[in-house]
Amino acid sequence: MAITLEGDVPIDSVASPPSRLDIAGDRTFRGLTYVFSWMTIFLVLYIVYEIAGKAFPAIQEYGFGFVTGTTWDANRGEFGVFPEIWGTLYSSILALMLGGFFGVSIAIFLTQDFLPPKLEVVFKNIVELLAAIPSVVYGLWGIYVVIPALRPTANWVHEHLGWIPFFETSLSGPGMLPAAMVLSIMILPTISAVSRDALCSVPHRLKEAAFGLGATRWEAILGVILPTSATGIFGALVLGFGRALGETMALAMLVGNSNQVSLSLFSPANTLAALLANNFPEAGKLEEGVLMYAALILMAITLLVNLVGTAIMNRAQRRLSGGER
Amino acid sequence: MIMTNTLDSSIVAEPNTNGKNVVIDCKIRNLYYGKFRAVRDSHIPVEEGQVTAFIGPSGCGKSTALRCLNRMNDLVRGFRFDGHVHFRGKDIYHRNVDPVAVRRYIGMVFQQPNPFAMSIYNNVAFGLRLNRVKDDIPERVESALRGAALWDEVKDKLKNSGLSLSGGQQQRLCIARAIATEPTVLLMDEPCSALDPIATRRIEELMTELKEKYTIAVVTHNLQQAQRVADKTAFMYVDTSDGGRTGYLVEYEDTGQLFEDPKEEYTKQYIRGEFS
Amino acid sequence: MSNQIEITHSFAGVDFPQLERSLRHPRTLVSSLLSLLTGFVTVVACVPLFSVLFMLIYRGGKRLSLSLFTQTPPSAFESGGGFGNAIVGTLTMVGIAALISVPFGVLAAVFLAEFGPKSKTASAVRFCAKLLTGFPSILAGVFAYAAVVLMTGSYSAPAGGVALSILMLPIVMLTAEESIKMVPHKMKEAAIGMGATQTQVVWRVTLPSAMPGMLTGVMLAVARASGETAPLLFTALNSNYWIMQDGNLALMEPTASLAVLIFNFSGVPFESQIELAWAAALVLVLIVLAVNIGGQVLSRKRVTR
Ligand SMILES: Nc1ncnc2c1ncn2[C@@H]1O[C@H](COP(=O)(O)OP(=O)(O)OP(=O)(O)O)[C@@H](O)[C@H]1O
Ligand SMILES: [Mg+2]
C-alpha cells in the first residue's frame, strides 16, 4: 500500500495532494505552451519555405539575371527587378535621412528637459499618433495633399537647377520625392521612440558630470549624451530603415510604378513592395512565380537589415547594463 | 519535476534521536546555489506543536534553511541540496515526491505581505479552491480570518481588494490564507519585519495561539521576539574560513536554555550583541 | 570653451568673471540655435498629423451619413452608396486574425515568461517573434496567398485573416510576455507556497494580474491589423457584396475591407468614389484611434503593486 503524505493530519484539515486532474491539467497546459512556442519558430521557417518554394521555378529559369535585368514585360516573359531594388533602396535611404534627422532631433528635444514634462507628453503622444494612422490613409493624403503641394516648388527647382542630376526631371504627378517624404513620416515614430529609449537610458550621473564641468546643454548633449547612446540610436535608424524597405501602400500609391533607374527626385520609380502590391492581384501563372522571386529578394533584404538592427540593439542593451554596474 | 501524490513504503524514516515528536527533521549536509555553498552541516528538527525560531546574522542561511522545508528553493535555478528533510518520516526530497503536494501540507508566510490582487474573501478561499474544497467555504474563510485575528476588522469589507489593507492587516490576511487549508506546519520568514511594533505584537500573540493547532517554524532577526514566542531556537552563523560565506547551525536548544546559558562562544557573543 | 576661460582667468582682482547669460558668447548662441532648431523640427513633425486629420474631417466628413454604413459601393458613374460591406469585412477578418493570434501568442508568452524564460527554446522563439515584428506586411500577404489562397483555390476572408494574424502575433506575444513578467514575483511565490501547481499559479494569479497589459497588447495588434492593406490585396481581394448574402455566409469568397476600398478608389477619376475613399479613411482612422485609445486607457489601469 502506498503511503501518502497525509499521515495523521488534523481531522479537519482539507489539505490534499493535487488531484490527478490537476496534475494532468498542469502537464497538458505546460505542454501546450511549449508546443505553441515551437510553432512560432516553425511559422517563420514555414513562411520562408513557402515563399522560397514558390519562387524556386522562377529562380531556376531567370537566375541571377533577374536581379540585374531592367525590363518587366509579362507578355514577352522578360523580367528583371533591378529598377525595383534600386527604387526600394533609394526611397528608403531618402526616407531614412529625412526621418532619421527628424526622429533623432525630436527624441533629443523630448528627453533633455527642453519642455515642461506635461508638454513633453503631449508631443510624445502626437508623434506616436503618427504611427497609428494606417499607411493607406497616408497614401491617400499623399496623392491629394503632398503631390499638389510639392509640384510648383519642384518644377521651379527643376527649371532653374535642372543640371543637377537630382532635379533632372519635372514632377508631373507621382514620384520619388513625395513617396520618400511620406515614407519618412511613417518611419519617424519608430526612430524617435527607439532613440528616446536610448537617450533615456543614459545614466543621469553622466549628464551631471558634464554640467558639473561647465558644459552648456548642447555641449553635454553632443559631447556626452549622444556618444553614450550612439549604439541605441544607430539601432533605431537601422530598424527604421527596415521599416521603410518593407513599407508598401504609401509607395504603391505615390511612387508612380515606373520601371526606371534614375537619380532624379522628381521622376516616377518603383519598389519591390509596390511591384508586388500592384502586379500580384492580376498576375498570371508565369508572372506569379516571378513575383514570388521578387518577394524572396525583398524578404532577404529586410531580414538582413532587421537582423543587423536587432543585433545592434542587443549590443546597446548589453553595453549599458554592463556600464551601469 | 516528479508528479506523484503518493510515496512508496520503501522510503524509510530515520528514527527520532531525541525521542520527541519531530514533524520535520531537516538535515542539510551541503546546500548550493550554483557554485556557491550557502549552508552546510545543519541538523534542525522541528517539533510538533512547538514554535521553532531560526536566528543568526544576515546572510547566514536562515531563509534558505526554512525554504528547504517546503521545497520553495526548487524555484531557484542552480539550487542543489545534499541531505534530507523528513516530514512525518518521509523524505520530501525523494525523487518520487511532488513538491507541489509538499507545499499543501507545509504552508508559508513570507517576509513581505503578499496578498493577491483579488478580494479579501477570494484571497482566503484561494487555497480551499486549490484543494477543490466545495463545502462550507464561507465558514472556513471566516474561521481562518478569526484564526488570524483579522475577522473583526474585515468582516464588513470582504469584497474589498486584499491590497487595500494596511501592511499589518495584509500580513494577517496572508496568515489567514495559509491556515485556511489547515496545513500541518506553518513556515514564517521574518513575518514581522515589514510591520510596526503594535502589528508585530499582534502577530506574535497570534503565533502563540496558532501553535495549539499548528507546528510553526519562524525566522526572526528580533531576539526578544524569539524569546517571547519560540520554544526551541536554532542559532546559525556564517563560516568564512574556507573563503566562502557558508552558513551552518551553531546551536539548537530550548529557547530559555539558549538565551540564558548558551554552550557555544559564538552564540554567547551574538545574543550579547557583540556582532550581528 | 577657450573664450570664457580667458576672461575668468584675468586675476586683476577687479575683473569679475562674466556670469550673466549673453547671446554674444558663441557657445551660448550655438546652444540656443540648436535648441530652436530641434524645437522647430518637433513642431514641423506635428504638421502632417494635423494636415491628415484636417483633410479627413474636411473631405471625409462631407460624405458622412448613415447610408455609408448600410449600402455597398457605387459603380463608376453612380453617386451615393456606402461601404457597409467593407466595414463588416474588415471586422470579420480582424476577428479571424485575433482568434488565431491571441491564443497562439498568449500561450507562447506564458512559456516565454513563466515556464522556460531562460531556455534555448525561449530565446529562439523571442528571436523569431522579433523577426516577425519587422516582417513587411506585403510579405505576410504573399505567404497567405501561397499557403491559403493557392491551397483553397479562392480569395477569401480566412486567407486575409491568416495574413493579418501573422502581423498581430508578435505584438500580442511580446506585450503579453512583458505584462506577465510585470506580475510581482511575491504574488506568484505566495501561490506556490500554498501548493499550487505551475498551471494553477498561471491561471489563478499570473494571468488575472497581467490581464490589463495583455489586453493593451491585443488592442494595439487589432488597431494595427485593421489599418493594414497590403496583406489583404491578394488574399481577400475585394468585393462589392456583403459577406452575408441571402442568409448565406459567403466566407470563402473575395471579401471587401475598408483599407483595400480606400486603395482601389484613391486612384480613380470618379469624384463620387474618391469622396467615398476619404469617408472610408475617416471611418478607418476613427476605428483605429478608438481601439488605440482603448488600449492606452487599459494600460494605465495596469496593476503594478
Ligand atoms: N536565490 C538565491 N540565489 C543565489 N544565492 C542566494 C539566493 N538566496 C540566497 N542566496 C545566498 O545564500 C546566502 C544565505 O541567504 P539567506 O537569504 O538564506 O540568508 P538569511 O539568513 O535569510 O539572511 P537575512 O537575515 O538577511 O534574510 C546568502 O549569502 C545569499 O547571498
Ligand atoms: Mg532571510
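If you go through region C:56-95 and pick out every residue that is more than 14 Å from every other protein chain (Cβ to nearest Cβ), closer than 27 Å to C:LEU169 by Cβ and among the hydroxyl-bearing types (Ser, Thr, Tyr), you end up with 1. Of all the listed residues (B:ALA65, B:ALA101), the sole one being away from ligand 2 (no atom under 16 Å from the Cβ), within 17 Å of B:LEU187 (Cα to Cα), in contact (Cβ under 8 Å) with a residue 60 or more places away in the chain and in a helix (DSSP H, G or I) is B:ALA101. Can you find a residue in region A:288-301 that is of a type outside the set (Val, Ile, Thr) and either closer than 26 Å to A:LEU110 by Cα or not in a helix (DSSP H, G or I) (or both)? No, every residue in region A:288-301 fails to be of a type outside the set (Val, Ile, Thr) and either closer than 26 Å to A:LEU110 by Cα or not in a helix (DSSP H, G or I) (or both). In the set C:LEU298, C:LEU232, only one residue is in a helix (DSSP H, G or I), surrounded by 15 or more Cβ atoms within 10 Å (Cβ to Cβ) and away from chain A (no Cβ under 13 Å); that residue is C:LEU298.
Residues in region B:68-81 that are under 19 Å from C:PHE115 (Cα atoms), within 15 Å of ligand 2 (Cβ to nearest atom) and crowded, with 22+ Cβ neighbours inside 10 Å: B:MET72 only.
When B:PRO183 is tested against (1) within 12 Å of another protein chain (Cβ to nearest Cβ); (2) within 16 Å of ligand 2 (Cβ to nearest atom); (3) surrounded by 21 or more Cβ atoms within 10 Å (Cβ to Cβ), only condition (2) is not met. All conditions in (1) within 29 Å of A:PRO18 (Cα to Cα); (2) touching a residue at least 60 places away in the same chain (Cβ under 8 Å) hold for B:GLY162, with the sole exception of (2). Scanning region B:46-73 for residues that are within 14 Å of another protein chain (Cβ to nearest Cβ), within 14 Å of ligand 1 (Cβ to nearest atom) and polar (S, T, N, Q) yields B:SER63, B:ASN73. Residues that are modelled with pLDDT of 80 or more, outside any helix (DSSP H, G or I), more than 9 Å from chain A (Cβ to nearest Cβ) and surrounded by fewer than 19 Cβ atoms within 10 Å (Cβ to Cβ) do not occur anywhere in region C:6-29. Within the set C:LEU99, C:LEU107, the sole residue that is within 11 Å of chain A (Cβ to nearest Cβ) and part of a helix (DSSP H, G or I) turns out to be C:LEU107. Which condition breaks for B:PHE54 when tested against (1) under 17 Å from B:MET188 (Cα atoms); (2) at pLDDT below 90? Of everything listed in (1) under 17 Å from B:MET188 (Cα atoms); (2) at pLDDT below 90, B:PHE54 misses just condition (2). Being at pLDDT below 90 and either more than 13 Å from ligand 1 (Cβ to nearest atom) or of a type in the set (Lys, Arg) (or both) holds for only one residue in B:HIS94, B:HIS43, and it is B:HIS94. Looking at region A:240-259, is at least one residue part of a helix (DSSP H, G or I) and over 22 Å from C:VAL142 (Cβ atoms)? Within region A:240-259, one or more residues are part of a helix (DSSP H, G or I) and over 22 Å from C:VAL142 (Cβ atoms).
Of the helices (runs of 4 or more DSSP H) lying entirely inside region A:102-212, those containing at least 1 residues that are among the hydroxyl-bearing types (Ser, Thr, Tyr) and under 26 Å from C:LEU33 (Cβ atoms) are A:147-161, A:176-200. Scanning region A:149-180 for residues that are charged (D, E, K, R) and touching a residue at least 60 places away in the same chain (Cβ under 8 Å) returns a single hit, A:GLU168.
Which one is surrounded by the most Cβ atoms within 10 Å (Cβ to Cβ), of the residues in region A:116-149 that are aromatic (Phe, Trp, Tyr) and under 25 Å from C:LEU167 (Cα atoms)? So, considering only residues that are aromatic (Phe, Trp, Tyr) and under 25 Å from C:LEU167 (Cα atoms), the one surrounded by the most Cβ atoms within 10 Å (Cβ to Cβ) is A:TRP141. Evaluation of A:TYR34 against the conditions (1) touching a helix residue (DSSP H, G or I) at 6+ places or on another chain (Cβ under 8 Å); (2) at pLDDT below 90; (3) more than 26 Å from A:GLN260 (Cα to Cα) shows that the sole unmet condition is (2). Residues in region C:170-191 that are crowded, with 24+ Cβ neighbours inside 10 Å and facing chain B (nearest Cβ under 7 Å): C:ALA190 alone.
Of the set (1) under 27 Å from C:ASN85 (Cβ atoms); (2) part of a helix (DSSP H, G or I), all apply to C:TYR155 but (2). Taking region C:197-222 as the range and being within 14 Å of chain A (Cβ to nearest Cβ) and under 17 Å from the mean Cα position of the chain (by Cα) as the test, the residues that pass are C:THR216, C:MET219, C:LEU220, C:ALA221, C:VAL222. Applying a threshold of 9 Å to beta carbon distances and a minimum spacing of six or more residues, or different chains, the list of pairs starting in region A:15-26 at a residue that is at the interface with chain B (Cβ under 7 Å from one of its Cβ atoms) and assigned to a helix (DSSP H, G or I) and ending at one that is of a type in the set (Val, Ile, Thr) and surrounded by 21 or more Cβ atoms within 10 Å (Cβ to Cβ) reads A:ILE23/B:VAL100; A:ILE23/C:THR197. Listed by position, the helices (runs of 4 or more DSSP H) enclosed by region B:117-235 that each have at least 1 residues that are within 16 Å of ligand 1 (Cβ to nearest atom) and in contact with a Cys (Cβ under 9 Å, 6 or more places away or on another chain) are B:223-229.
Considering only region C:223-245, how many residues are more than 22 Å from the chain's Cα centre (by Cα) and among the aliphatic types (A, V, I, L, M)? So the count comes out to 2. Looking at region B:166-178, can you tell me whether even one residue there is buried (at least 21 other Cβ atoms within 10 Å of the Cβ), out of contact with any Leu (no Cβ under 8 Å at 6 or more places or on another chain) and among the hydrophobic types (A, V, I, L, M, F, W, C)? Among the residues of region B:166-178, at least one is buried (at least 21 other Cβ atoms within 10 Å of the Cβ), out of contact with any Leu (no Cβ under 8 Å at 6 or more places or on another chain) and among the hydrophobic types (A, V, I, L, M, F, W, C), which makes the answer yes. Any chance region B:74-87 includes a residue that's under 26 Å from C:VAL205 (Cβ atoms), facing another protein chain (nearest Cβ under 7 Å) and assigned to a helix (DSSP H, G or I)? Within region B:74-87, one or more residues are under 26 Å from C:VAL205 (Cβ atoms), facing another protein chain (nearest Cβ under 7 Å) and assigned to a helix (DSSP H, G or I). Condition check for C:PHE135 on (1) outside any helix (DSSP H, G or I); (2) more than 12 Å from chain A (Cβ to nearest Cβ): one failure, at (2).
The values are calculated or read from the model by the stated rules, or taken from the named source; none is laboratory data. Bear in mind the structure is a predicted one, so any value in this text is a computation, not a measurement. Here Cβ is always computed from backbone atoms with ideal geometry, including for glycine, and neighbour counts include all displayed protein chains.
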